[in-house]
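Throughout, read-outs are computed from the coordinates displayed, never taken from laboratory work. Because the structure is a prediction, the values reported are computed rather than measured. So basically every Cβ, Gly included, is an ideal-geometry build from the backbone, and we count neighbours across all protein chains shown.
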Amino acid sequence: MLPEALPYQLKVRDFFRRQTSTWEFFTAVRTREEQLIAFQTELLKNTYRFSRDSEPALFGKIDRAREQLGLGTLPVMAYQAEYASPGNELNASVIYLHQEAHLVFSGLILERLNEDELLAVIAHELTHVRLYTLLNGDLEVADRIITSIANHRDSDSVYLETARLFKLYTEIYCDRGAYAVLGDPAPVITMLLKLATGLTTVNAESYSRQAEAIFSAEPGTTSVTPTHPENFIRTRALRLWHEQGEAATAAITRMIEGLPSLDRLDLFTRQQLSDLTRQFLQEYLRPGWMRSTLVTALERQYFPNPGGPAADQSAVNRNAAAQEEAAQDRGAAHLQEAIAGLHPDIRTYFGYVLLDFALADPSLEDMPAGRAFEFAGEMQLSDVYDTICKKELQLNDKKWLQHKQKVQKAYAELPKD
């Protein structure tokens, strides 16, 4: 059964719905009649439009996909783009405007695909329409918002990553729509391969084994493309859905998102990292003597708003506050578990955060540095922190060992409360 949307798509929708002014602006945007006429005219100039009378088999497939996807009486027009040639890219796309779907084929796609594969590509494209017409059109609005922000030249990288993941999940969802229509992953897989390679004959089972071999060799493999997941990932996702149903969601999520790295944070993983950083500092700065004026000032640079993230993200704030309170109860054990599972470059980030605070106030002398070594050990970050500290302090092996022993002794001799 095809769900209304995938969890990540709903998360993006919910995030932007909380940005009331932005959401209202994009929901108010409507395609003007003159824009629709101009689009239709341009489409007619550069394509051949199929008719039901001349292509009953093609429109029979369109009707079948439309019915099984629950699109009712949605008008669907079909076109062949001009300049088709043996070397032209095989592709299909859909444009949904003014409650009409315009399905455009490029290259020799109608000749290259067999009956089931052609139904698969039609179902895939019409699933785009299904996705953006359900839930009161909310996902179409969310798509336009994140795409517009990501396309701005000054856009933050988290918006670029969020837009990338949103698009990847959209393609994965539409593959699932094609699978739902056919009830068999094989034609969907061979359709994808023929479009990608231009070959006339491909074998779904053979390629499925090829995809599994990739994940056997590199279990942590994820998609790195901006708009469409790699075909081996799409193939494995289809197989997982076919074999496991909804139980496949977690494995597919790992293939699309993977383990977040510092340069691949989206809106949600950035918030999670911010929450974890706050908890990390609360634990490190738990001794009262640590909170000098300089240390507190540095903490405010990390978190200018003591109450949490921006006020227009109230739901996120409440969630962050709840997580923070729970983390205080679980203490160091919770942090140790969370940090142990992080990407290596985020573990390195925490090492630098620790060094930043260890050196923040010279008046505290060696105690913060000694506390940092102890805390790094508690968080199982000693290997990371030792490497960073030695590098940044520019100490040779002998002086490094002397420094470490000195500050650890200073902290050990500090009277404990």
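Taking LEU139, LEU276, LEU359 in turn, the Gaussian network model of the chain (Cα-Cα springs below 10 Å) assigns the largest fluctuation to LEU359. Here the Karplus relation 6.51 cos²θ - 1.76 cosθ + 1.60, evaluated at θ = phi - 60°, turns the backbone of the stretch 8-16 into coupling constants of 5, 4, 5, 4, 5, 4, 5, 4, 6 Hz, with x for every Gly and Pro. Can you give the angle from 0 to 90° between the axis of helix 293-302 and the longest principal axis of the chain, with both taken from C-alpha atoms, to the nearest 10? Between the helix axis and the principal axis of the chain, the angle is about 10 degrees.
Residue farthest toward the positive end of the dipole of the chain, with Cβ of Lys/Arg at +1 and Asp/Glu at -1: which of ILE95, GLY370, MET1? Of the options given, the answer is GLY370. For the chain, the dipole from Cβ point charges (+1 on Lys and Arg, -1 on Asp and Glu) about the Cα centre works out to 540 debye, to the nearest 20.
Entry note, the chain: the mean residue ellipticity at 222 nm calculated from DSSP H runs of n ≥ 4, each adding -39500 (n - 2.57), is -20500 deg cm²/dmol after division by the residues and rounding to the nearest 500. For the chain, averaging the sequence separation of C-alpha pairs within contact (under 8 Å, six or more residues apart) and dividing by the residue count gives a relative contact order of 12 percent. Against the chain, whose longest principal axis is taken from its Cα atoms, helix 267-284 shows a tilt of about 10°.
Here LYS11 is the anchor, and the lysines within straight C-alpha reach of less than 25 Å, apart from those fewer than 8 places off in the same chain, are LYS167.
Run the paramagnetic zone check for THR201: 7 angstrom along Cα to Cβ, then residues of the stretch 99-133 with backbone nitrogen under 20 Å. Once the point is set 7 Å along Cα→Cβ of THR201, 109-118 turn out to lie under 20 Å by backbone N, inside the stretch 99-133.
Between the helical axis of 397-412 and the longest alpha-carbon principal axis of the chain there is an angle of about 70 degrees.
Per residue, the convex hull spanned by the Cα atoms of the stretch 114-249 amounts to 125 cubic angstrom.
Residue exposure proxy: ASP345, ASP356, ASP154, ASP266, ordered by other Cβ atoms within 10 angstrom of their Cβ from fewest to most, comes out as ASP154, ASP345, ASP356, ASP266. Positive contributions from Lys and Arg (+1) and negative ones from Asp and Glu (-1), summed over other residues with Cβ under 11 Å from the Cβ of MET77, come out at +1.
Pairwise Cα distances in the stretch 203-245 exceed 16 Å in 36 percent of cases.
Semi-axes of the equivalent ellipsoid of the chain are 53, 24, 17 Å, computed as sqrt(5λ) over the eigenvalues of the C-alpha gyration tensor in descending order. Counting pairwise Cα distances across the stretch 330-417, what percent come out greater than 15 angstrom? Across the stretch 330-417, Cα pairs with separations above 15 Å total 59 percent. Among GLU257, GLU283, GLU117, whose mean-square fluctuation peaks in a Gaussian network model of the chain (Cα, cutoff 10 Å)? Judging by the Gaussian network model, the answer is GLU283.
Among residues other than TRP241 with Cβ under 12 Å from its Cβ, the summed charge is 0 (Lys and Arg +1, Asp and Glu -1). Of all lysines in the structure, the ones whose alpha carbon falls short of 16 Å from that of LYS404, not counting any fewer than 8 places away in one chain, are LYS390, LYS391.
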